[in-house]
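First up is the structure itself, then whatever we jot down about it.
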Amino acid sequence: MKKLFLTIAIFMMIEQLSFAQSSKEEQTIIQLSKDKWQWMADKNVDKLEPLFHEKSKFVHMSGTWKKAEELDIIKTGSIWYKEAKVHDTAVEIFKKTAIVWNRITLVAVVRGNDVTTEFTVTEVYQKEGKNWKLLDLTFSSVRDTHEIKK
């Protein structure tokens, strides 16, 4: 009987450690996503360049492009991500892959025009060593009543 209780207690401790680790990783990814939005607003390509994976893709309403093009767009301000107001976030981690869904209001300047658009943005990250790399950033236009199911 004591062995049974000891075994159950060990499993419960392992479960709690696993949950704590997952929560810590989720918080790390959420913070990284927030930092990314700020770096984009600041046009800080020096911070974004190492975050974006070499084969990353960026899907916008007007097209899809690769890392170099996205960095150039940010640097030149052809799209200036002035502010991403994050309303809701969900994260799922699958081993070394993390997916973040952010429901945002994006305040931007696009080719000289001020725009405010509601999006759900999907971000896919992959852990390489100790660092997370952004593989994909996809903007999906949604209504402001859209909710992310957690």
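The figures follow:
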{"read-out": "Region 50-106, residues that are among the small types (Gly, Ala, Ser) and either more than 18 Å from SER140 (Cα to Cα) or in a strand (DSSP E or B) (or both)", "value": "SER56, GLY63, ALA68, GLY77, SER78, ALA84, ALA90, ALA98"}
{"read-out": "Residue in region 83-100 that is of a type in the set (Ser, Thr, Tyr), buried (at least 16 other Cβ atoms within 10 Å of the Cβ), more than 18 Å from VAL45 (Cβ to Cβ) and in contact (Cβ under 8 Å) with a residue 12 or more places away in the chain present", "value": "yes"}
{"read-out": "Flag if ALA41 is more than 24 Å from GLU25 (Cβ to Cβ) and surrounded by 13 or more Cβ atoms within 10 Å (Cβ to Cβ)", "value": "yes"}
{"read-out": "Matching option when the condition is modelled with pLDDT of 95 or more, under 20 Å from ILE30 (Cα atoms) and not aromatic (Phe, Trp, Tyr), among LYS127, LYS95, LYS67, LYS75", "value": "LYS127"}
{"read-out": "Filter result (of a type in the set (Gly, Ala, Ser) and either touching a residue at least 12 places away in the same chain (Cβ under 8 Å) or surrounded by 13 or more Cβ atoms within 10 Å (Cβ to Cβ) (or both)) within region 63-82", "value": "GLY77, SER78"}
{"read-out": "Members of region 107-126 that are part of a strand (DSSP E or B), in contact (Cβ under 8 Å) with a residue 24 or more places away in the chain and surrounded by fewer than 16 Cβ atoms within 10 Å (Cβ to Cβ)", "value": "VAL109, THR117"}
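The values are calculated or read from the model by the stated rules, or taken from the named source; none is laboratory data. All values derive from a computational prediction rather than experimental measurement. Note: ideal-geometry Cβ built from the backbone for every residue, glycine included; neighbour counts use all protein chains shown.
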